[in-house]
Every structure is written in structure tokens, then in C-alpha cells.
Amino acid sequence: MVVLSKSTREQYPCLRNLKQTTFIPEIPIVDLSKPDAKNIIVKACEEFGFFKVVNHGVSMESISSLESEADKFFSMAFDQKEKAGPANPFGYGNKKIGQNGDIGWVEYLLLTNNQDFNSFKLSPAFGKDSEKLRCLLSDYMSSVKKLGCEILEFMAEGLNIEEKNVLSKLVNDKDSDCIFRLNHYPPCPESRLNNNDNDNDGENVIGFGEHTDPQIISLLRSNNTCGFQICLKDKTWISVPSDHTSFFVNVGDSLQVMTNGRFKSVRHRVLTNGFKPRLSMIYFCGPPLVEKIAPLPCLLKGNEILLYREFTWFEYQKSAYATRLSDNRLAHFETINDS
């Protein structure tokens, strides 16, 4: 566990949330071994933009080994961790999220799919252990990428798309822009959220502010510390019970566009815990930079209005980097704003 001194606490500004939140009674659960998985995925994407995956096929050994190495890194002295930074955008960062003034009670590692680059960035901090980390990252990221593609193919089947790999081929492409993020939220003494996982009303400290993910989907898993929340269609924020054995899937902005708004990119955030650290691992499934993102013609019905204009992933990425975390990043690409 990370023990925070007063000086360390001053590096992590406390942002306060005054809204009461509740635990959702039933998160959509998708068992990938069951024949109805594709239909449950589609329904969950339409209603929540979010679901939980069990029987996912990623080995717990792979998960636990990488989590253990991540715990070691975040337990290092601050000066040692800084050797893997600064995050530009890849590498080690803390408190600062993006380039536009967003901050949170968080430190992180942002990595690419290129293990040579990751090793170059991380070896000054990890030293002789960097080769072990490289192997663990490669094993975990390839397994989760495979899982992401499997889920995207289930989606295509559930949407009755003839081309089963219409979505997964964007992630499997050799030039796909997939990235991996390790977020560490140290215990925050000023947080009301505690280790009983149910004292979450009143004043809480924001670890990572509300946002949507720009990519197609993102696959999240964390340790057993709560704090992750999603926003429902009625703007209600609900807490997601932690489960370190499962993955949680977020619909991203790109998938919302490709389904012409049928699937909704889920807005989410993280609250810190007053007693326990939270460690989360997120794999973002992104398309190649030159890929054109637009509503898929096979999903359009009759004279259905296009809600978004076509853009490349590079254009969207550039636009997203220029916004604040909580901004509606898709607004610039909505056809209603062009009329």
C-alpha cells in the first residue's frame, strides 16, 4: 500500500463530488461461453454502453503477474518512477491528465503496442527487471487484444452484419492504434469512499474525472478496490461493484459513430478510496490512424439520417487532444452542427 505524506498529498489536488451515487443493482453480464452472448452484448451496448465479461479466456496468472509488477512500480520512490517519464503522452505521469488543465488523484503508465518502445521508456525505472516486464506486457496485451476482437465479432453477429470482422479487423490491423494504460489511485485520506465499498455518498475525491473513451471499445480490469462509476441515460451516476476476475467493456466514441448512435459511448469516472489503493489496467482498441470513421452503411435503414460526418481516426485523435476531459468530443463531428 502507498503511504502518503503531507507533501505527497499536496501533489494530488482533491476534486470534490457532492452528488450522491448508488450501486447499480444489475450490471449487464456477458458469459462468452454461452450462445446468447452476442444478443446480450448488443442490448448492453444500446442501454448502457457498458457490460461485464466473464469466461473471457485471459489467464489469471497473466493478470496477476502483471498486476504484481505494476504494484512494485507504483510502490517505488517518486524519483525512481519519474525515470519512466515524462508522459508525452507515453510513459509515467501523475496528477496531470492530458494537456488542457485536467487533474486527478492518480498516477499512471501509458504504453503503446510496441514493446521495443515500452522497454526503452520503462527500462530506466525498472532496470534489470525490464525484460521480465516486457514479457508480461506482451503476454497480457496480446491476450486482451484477442479478447477485444472476439467481443467485436460477437457485436457484428448480434447486429446481423454479414462481414463478421468488420470491426475486429480495425484492431487486428498491423497499424492499429491500440494503447494500454495502468492507473494507480493511492488511498486518499480525504475521501469518503471507504473499504466497506458502500459509504459513497457526500464529499468524495475524484481520481479520474468524467469522460468517454475515444476508441472503438476499451477493456478494463482492476483490483478489488471500488471507485469506478458510469453515467446512465438519465444522467444518474452509479457505482460498479469491483470484480478482479472479470473484464468490463466500455463502448467508445468511434463505435458510437460507426453504429450511427445506436450504441452509446459510456461516460465514466473514478473516485478514490480512503483506505485502499486502486489499480486498474485498461486496453484501448483503436483503429489505424488513417482509418475513416463513419456510420456503417450495412447498419443504416432506409433514409436514416447520418448523425456524424466522416473523419479519420487521426483527425478525431487530434481534436480530442485539444479538448478538456469532460467535453463532448463528438460534437465537432455531428452533422447537426454542420447545417
Amide H to amide H, which residues 5 or more places from PHE51 or on other chains are under 5 Å from it, using H placed in the peptide plane? VAL249
Calc'd 3J(HN,Hα), the stretch 284-295, phi into Karplus 6.51 cos²θ - 1.76 cosθ + 1.60 (θ = phi - 60°), Hz, glycine/Pro = x, comes to 9, 8, x, x, x, 4, 8, 5, 7, 9, 6, x
Below 15 Å, Cα to Cα, which aspartates and glutamates can LYS146 reach? Residues fewer than 8 away in the same chain don't count. ASP173, ASP177
Over the chain, with every protein chain in place, what whole percent of the accessible area is carbon and sulfur at 1.4 Å, could you tell me? 50 percent
Measuring from the longest principal axis of the C-alpha atoms of the chain, the long axis of helix 130-158 (C-alpha) lies at a number of degrees, nearest 10, equal to 30 degrees
The base-10 log of I(q)/I(0) that the Debye equation returns for the chain at q = 0.07, 0.15 Å⁻¹, one scatterer per C-alpha, is -0.27, -1.37
To the nearest 10 degrees, how steep is helix 37-47 against the longest Cα principal axis of the chain, on a 0 to 90 scale? 80 degrees
Which net charge results when you count Lys and Arg as +1 and Asp and Glu as -1 among the other residues whose beta-carbon is under 12 Å from that of PHE314? -2
Environment charge of GLU157, counting only residues whose C-beta is closer than 13 Å and scoring Lys/Arg +1, Asp/Glu -1: -3
Within a Cβ distance under 11 Å of THR245, other residues only, what is the Lys/Arg minus Asp/Glu net charge? +1
Using 0.36 nm per residue, how much length does the chain from LYS34 to THR245 gain when fully extended, once their Cα-Cα distance is taken away? 74.2 nm
Once R0 is set to 30 Å, what does the formula 1/(1 + (r/R0)^6) return for the Cβ-Cβ distance between ASP79 and GLU190, expressed as a FRET efficiency to the nearest 0.05? 0.75
Probe 1.4 Å, heavy atoms of protein chains only: per residue, the accessible area of the chain in Å² is 45 Å²
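The values are calculated or read from the model by the stated rules, or taken from the named source; none is laboratory data. Since the structure is predicted, the reported quantities are computational estimates derived from the model, not experimental observations. We place every Cβ from the backbone using ideal geometry, glycine too, and count neighbours over all the protein chains shown. Calculation scope for accessible area: heavy atoms of the full protein, side chains included, ligands and nucleic acids excluded. Shrake-Rupley method; radii C 1.70, N 1.55, O 1.52, S 1.80 Å.
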